[in-house]
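Asker: Submitted below is the structure of interest, expressed as structure tokens.
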Amino acid sequence: MALAAATLASGQVFAGGMLAYEIGTADVGLASAGYSARAQDASTVFTNPAGMTRLDGTQALASGQLLWANTKYSIGSGTSPLLGNDDGGYAVGSGGWFPGGGAFFSYSVSPDLKLGFALAGNFGAPLTYDNNWAGRYYVQSTTMLGVSLLPSIAFKVNDRLSLGAGLNAMYGMYTNQVAINNVAPIFGDGRLKLDDRTWGWGVNLGLLYEVDEGTRVGLTWNSQVNLDFKGPAHFSNLSPTVATALNTAGLLNSTIKVGVKVPQQVMASVFTQLDPQWALLGSVGWQQWSKFGAINIGIEDTSHPVSLTTDIPFKDTWHVATGAQYRLSEPWLLIFGVAYDSGFQPNGSTVSPLMPLNTAWRFGVGGQQQLSKTSVWGLAAEYIYGGTLKTDLQTTAPVAVGGRGNLIGSYDNTGTLVMSVYGSWKF
């Protein structure tokens with residue numbers, strides 16, 4: 001299961017928070033426009049299970065994507081000099097690169113009853129800085145990933161209304177590593193690490209209403225999924241003074257609990273076929289990040305340690321997208337879209353180095369070719385612009401006496417390029 005998570009997890013997250021719309025399908029080229037109303041292939045099992053009632057027979061779709069993120073830190077003049085001048089490198093993935101994708105399957109029990117299954121990762125991010133970077137006392141590396149297995153069902157109530165539901169079994173992976181300030185240079189930095197795996201459960205509900213032959217509206221609700229990570233605090237290379245202080249405070253052999261709430265979300269979408277060539281798509285969505293519950297692991301002051309965790313506040317986000325499909329010829333369909341997601345970190349453009357993302361503009365384009373009556377392949381690309389994000393982390397205890405130090409700087413012109421390829425088959 002860990003291998004599946006590493007392969008299918010979308011990596012950097014592109015919504016206003018840490019949930020991605022990008023799972024390698026045509027939705028990449030549409031910038032998620034029409035997300036819960038398009039229902040043109042088996043990926044609808046994931047985006048709106050009710051859309052399976054529009055699929056004939058048995059259908060499958062496999063997708064893959066490769067992403068590159070420009071998320072690199074620039075150290076500002078207010079950063080504590082003793083933290084050094086290592087900027088950490090490209091923070092997301094491996095040198096900025098990371099994979100994603102998914103697999104989707106729909107089966108017709110009857111014309112009105114459909115069963116489906118989806119496997120995809122759309123929550124979380126791998127983040128790796130250089131071990132000696134300036135913000136090492138806040139984070140060195142962290143991975144928070146969720147891979148969803150979605151058995152689903154859909155039923156056509158009448159010629160216009162379809163309903164669908166899916167069980168979201170999410171396998172969560174969490175690691176977090178942070179440097180510990182040993183104060184005495186002879187010892188170098190200590191280290192604190194937490195590593196855990198767990199399952200969380202949720203429900204996806206969908207509705208699809210066909211206004212007429214060419215227009216349909218989709219509405220979905222995805223419930224909150226709780227991922228309760230916990231494990232022993234693994235310390236290494238601590239100086240005797242810091243180890244004694246932690247032991248006296250009862251923290252040396254403690255258990256760390258990280259309760260992550262993958263937020264509930266609501267999405268409303270529309271698809272309308274204007275004429276044989278043009279179709280318009282749109283979406284509006286909301287995600288409840290105010291209950292996310294992420295924490296920062298580390299020690300504020302090793303000379304007087306009081307806690308290993310610090311809460312990070314978040315706020316709910318909004319999403320809006322619009323896009324179009326253009327029938328260039330009988331086999332070729334062109335797609336494009338644009339979308340905006342509001343930020344989930346409450347202090348404007350100021351972010352935590354644990355999560356260097358906030359608002360997001362996305363611009364997508366792609367095309368797909370009908371190879372035969374039973375097979376389609378497509379390519380899509382998207383650029384996600386996150387703007388310049390600032391950090392302004394300040395501590396009362398200086399680095400020289402055990403503090404984390406002031407980390408002031410920015411991630412300049414952040415952006416992510418998403419490239420996807422997919423194939424769809426009917427049986």
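Asker: If you check Leu238, Leu219, Leu227, Leu251, which single one turns out to be in contact with a strand residue (DSSP E or B) (Cβ under 8 Å, 6 or more places away or on another chain) and not in a strand (DSSP E or B)?
Answerer: Numbers: Leu219 fails: not in a strand (DSSP E or B); Leu227 fails: not in a strand (DSSP E or B); Leu251 fails: in contact with a strand residue (DSSP E or B) (Cβ under 8 Å, 6 or more places away or on another chain).
When all the criteria are applied, what remains is Leu238.
Asker: Go through the stretch 350-392 and count every residue that is crowded, with 16+ Cβ neighbours inside 10 Å and assigned to a loop (DSSP other than H, G, I, E, B).
Answerer: The total comes to 9.
Asker: Here's a follow-up. Please go through (1) modelled with pLDDT under 95; (2) of a type outside the set (Gly, Ala, Ser); (3) touching an Asp or Glu at 6+ places or on another chain (Cβ under 9 Å) for Thr255 and return the number of the only condition it doesn't satisfy.
Answerer: (3)
Asker: Restricting the search to the stretch 109-126, which residues are surrounded by 24 or more Cβ atoms within 10 Å (Cβ to Cβ) and either among the small types (Gly, Ala, Ser) or out of contact with any strand residue (DSSP E or B) (no Cβ under 7 Å at 6 or more places or on another chain) (or both)? Working first, answer last.
Answerer: Here is the first cut: in the stretch 109-126, the ones surrounded by 24 or more Cβ atoms within 10 Å (Cβ to Cβ) are 114, 116, 118, 120-125.
Scanning the stretch 109-126 gives Gly116, Ala118, Ala120, Gly121, Gly124, Ala125.
Asker: Return the total of residues in the stretch 73-108 being crowded, with 19+ Cβ neighbours inside 10 Å and under 13 Å from Gly135 (Cβ atoms).
Answerer: Number satisfying all stated conditions: 7.
Asker: Still on this structure, please answer the following. Return only the number of the condition from (1) more than 19 Å from Thr44 (Cα to Cα); (2) crowded, with 24+ Cβ neighbours inside 10 Å that Ser424 does not satisfy.
Answerer: It is condition (1) that Ser424 fails.
Asker: In the stretch 258-276, how many residues are over 17 Å from Gly323 (Cβ atoms) and surrounded by fewer than 13 Cβ atoms within 10 Å (Cβ to Cβ)?
Answerer: Residues flagged as over 17 Å from Gly323 (Cβ atoms) and surrounded by fewer than 13 Cβ atoms within 10 Å (Cβ to Cβ) within the stretch 258-276 amount to 1.
Asker: Just checking, which of Gly88, Gly101 is in a loop (DSSP other than H, G, I, E, B) and of a type in the set (Gly, Ala, Ser)?
Answerer: One residue alone meets the criteria, Gly88.
Asker: Is there a residue in the stretch 247-266 that is in contact with a helix residue (DSSP H, G or I) (Cβ under 7 Å, 6 or more places away or on another chain) and polar (S, T, N, Q)?
Answerer: No, the stretch 247-266 has no match at all.
Asker: Out of curiosity, is Asp392 in contact with a His (Cβ under 8 Å, 6 or more places away or on another chain), touching a residue at least 40 places away in the same chain (Cβ under 8 Å) and of a type outside the set (Lys, Arg)?
Answerer: no
Asker: Would you tally the residues in the stretch 277-306 being farther than 20 Å from Phe123 by Cα and surrounded by fewer than 18 Cβ atoms within 10 Å (Cβ to Cβ)?
Answerer: Residues flagged as farther than 20 Å from Phe123 by Cα and surrounded by fewer than 18 Cβ atoms within 10 Å (Cβ to Cβ) within the stretch 277-306 amount to 7.
Asker: Follow-up. In the stretch 172-197, what residues are in contact with a Phe, Trp or Tyr (Cβ under 6 Å, 6 or more places away or on another chain) and part of a strand (DSSP E or B)?
Answerer: Tyr174, Ala179, Leu192, Asp196
Asker: Continuing with this model, one more query. Filter the stretch 357-410 down to residues that are among the basic types (Lys, Arg) and out of contact with any Phe, Trp or Tyr (no Cβ under 6 Å at 6 or more places or on another chain) and give me whichever is nearest to Leu127 (Cα to Cα).
Answerer: Ranking the candidates gives Lys390 first.
The values are calculated or read from the model by the stated rules, or taken from the named source; none is laboratory data. If you're wondering where the values come from, they're calculated on a predicted model, not measured in any experiment. Neighbour counts run over all protein chains shown; Cβ positions are idealised from the backbone, glycine included.
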